[in-house]
Amino acid sequence: MKYFSSLKSIGKRKKETTLLIIQLTLSTLAFLILYHSYNYYSIKKNIYDKIIDIDKTLVNNSSVSNHGWSDWDNLVPTLTKLKDDGKIKEIRIINKGQSSLEFNGNYYPYYTISREYLMALNIELEEGTMPTYEELDPNKTWDYIPIIVGNKFKDQVKVGDTTTLESMVNSEDSISDYKRNFKVVGIAKAGSMIMVDNHSTNLDIRINDYGIYAPISIWKYKFTDKTKDRINIPIRAGYNEKFNLPYEIKDNEIVVYNSDFINSIGGLKFQLIVNEKDDIKSVRSLCNSIFESNNYPLRVIELKVNQWDEISLFNTFLLGTLVFSIIIFFFTIIGIGLTTLYSLESRKKEFGVRLSQGATINKIAFLIIKENIIKVLISSFLSLIPYLYAKNILDDYYTLNTDYSYALNLGLIPFLIVNLIITLVVILSILPAIRKLKTLSVVDLVRGKK
């Protein structure tokens, strides 16, 4: 009944009430935008920093691909020697697979990844078991390549399910075909499948519940030579001999063993991780000197330098968010405070009558706070409408991009936190007006004295 009376009292002052509700609604939406923007990029940065040390990572800085580089395969022993000599700690690889994997009639891209990189992602499984470091040997040939799938697959597949990727190309002088079998060994927990690439920054790392990872491995590829003299067979065999990869020749057919590791190096899909004790600039200079002496059209740079613009942008964004939050905070206090003062000035006579009838200053102060909290509740409801509308758009539009459902989560808790902040701001804003009210006597109030 008391709150109904307060609503009736608020309704008598439509102009002041409308103005304050508009101020509160706009302030609430502004704080929500700032909160979610900051939270979105902070979540991504925190995930990124746990996976990648940009101060110890070198990446390719060349526009050259293996299509324009005849001896790119010589890079493999060069990088391997750098690692064996202790000049670099690790060669990390992540590379998009040749095609997409089929599950229940739908096709999804998958990524081959080095075991060190896979372990660094620290993917938590809801079902199944993550292969051990030893099992993920890049030189291993699998009958069924183990794959880890994102949480969105749990309604489509179960641990132990298999799928096959096969291809055949029949040209004028040869037939080449391969078949690779994959088996689901783990289904990740929701939000645990982190997708990155070799040049990922903290702004484009993604959480993808539709992601699929397969370890780099050795796999068979059958080549049938249709030429009269079988001139292609020695070429294929020579390539495998160069990399100590096995092959089997029978008549006009050769079965070669391909390496995801070698293919990824050739595609320049790698990172070089520097030892903790080593200076990255010195290692970078050493690598580039070796590349130059071998006439490789390839140079590496620090990942930090490669994404310096993104780092600067993120730091600027954080500073801008802080400054804008402070501005909104003070403008909200000033706006609400002035509106409240104006309202109280016009209500002095009313308060004087209440005091003369036995009310106390504290009761009047409580009445003012109660009325303003009701206005906060109204503004909260009004701001909830566009908030839920934006949430529905995100839920519908980004169904396949689950990154937004985690990093940009328009949930109820953030909404309640922001509205709690707005409520505290309102109370702080009206305290000066209440303090001024306490300095006036009943007679001053009844006369409307300022």
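The values are calculated or read from the model by the stated rules, or taken from the named source; none is laboratory data. Computed from a prediction, not measured in an experiment: that's the story for all the values here. Counting neighbours? That spans all protein chains shown, and the Cβs are built from the backbone with ideal geometry, glycine included. Remember, those area values only see protein heavy atoms, side chains included, never the ligands or the DNA or RNA. Shrake-Rupley method; radii C 1.70, N 1.55, O 1.52, S 1.80 Å.
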### Task
Pop out the ³J(HN,Hα) list for the range 349-360 in order, Karplus 6.51 cos²θ - 1.76 cosθ + 1.60 with θ = phi - 60°, rounded to Hz; leave Gly and Pro as x.
4, 4, 5, x, 4, 4, 5, 5, 9, x, 6, 10
### Summary
Net charge near Ile290 (other residues with Cβ under 14 Å of its Cβ; Lys, Arg +1; Asp, Glu -1) is +2
### Query
Excluding ligands and nucleic acids, what accessible area in Å² is computed for Thr439 using a 1.4 Å probe, to the nearest 10?
110
### Summary
Summing +1 per Lys or Arg and -1 per Asp or Glu among the other residues with Cβ less than 13 Å from Pro138's Cβ gives -2
#### Entry: Cα gyration tensor category, rounded, prolate or oblate, for the range 146-279 with a/c compared to 1.5
oblate
### Task
Give Lys375/Lys436; Lys83/Lys228; Lys140/Lys189; Lys269/Lys391; Lys50/Lys154; Lys152/Lys281 a once-over and call out the pairs whose C-alpha atoms are over 32 Å from each other.
Lys83/Lys228; Lys269/Lys391; Lys152/Lys281
### Ranking by accessible area, most exposed first, for Arg206, Arg180 with a 1.4 Å probe
Arg206, Arg180
### Task
Return the distance in nm (one decimal) between the two label points of a simple spin-label model at Tyr144 and Lys222, each offset 7 Å from Cα along Cα→Cβ.
2.1
### Query
Using a 1.4 Å probe, how large is the accessible area of Glu166, given in Å² and rounded to the nearest 10?
120
### Message
Could you sort Glu124, Glu172, Glu253, Glu371 by their accessible area in this structure, using a 1.4 Å probe and putting the largest first?
### Response
Glu172, Glu124, Glu253, Glu371
## Note on the structure
Order by accessible surface, 1.4 Å probe, largest leading, for residues Arg115, Arg354, Arg347 comes to Arg354, Arg115, Arg347
### Distance between modelled label sites at Lys391 and Asp279, nm, 7 Å Cα→Cβ extension
5.4
### Message
With a 1.4 Å probe and all protein chains kept in place, how much accessible area does Phe324 have, in Å² rounded to the nearest 10?
### Response
100
### Task
With no solvent and one equal point scatterer placed on each C-alpha of the range 127-220, evaluate the Debye formula and give log10 I(q)/I(0) for q = 0.12, 0.15, 0.20 Å⁻¹, two decimals.
-0.48, -0.71, -1.04
### Task
Within the set of other residues whose C-beta is less than 12 Å from the C-beta of Thr163, count the net charge using Lys and Arg as +1 and Asp and Glu as -1.
0
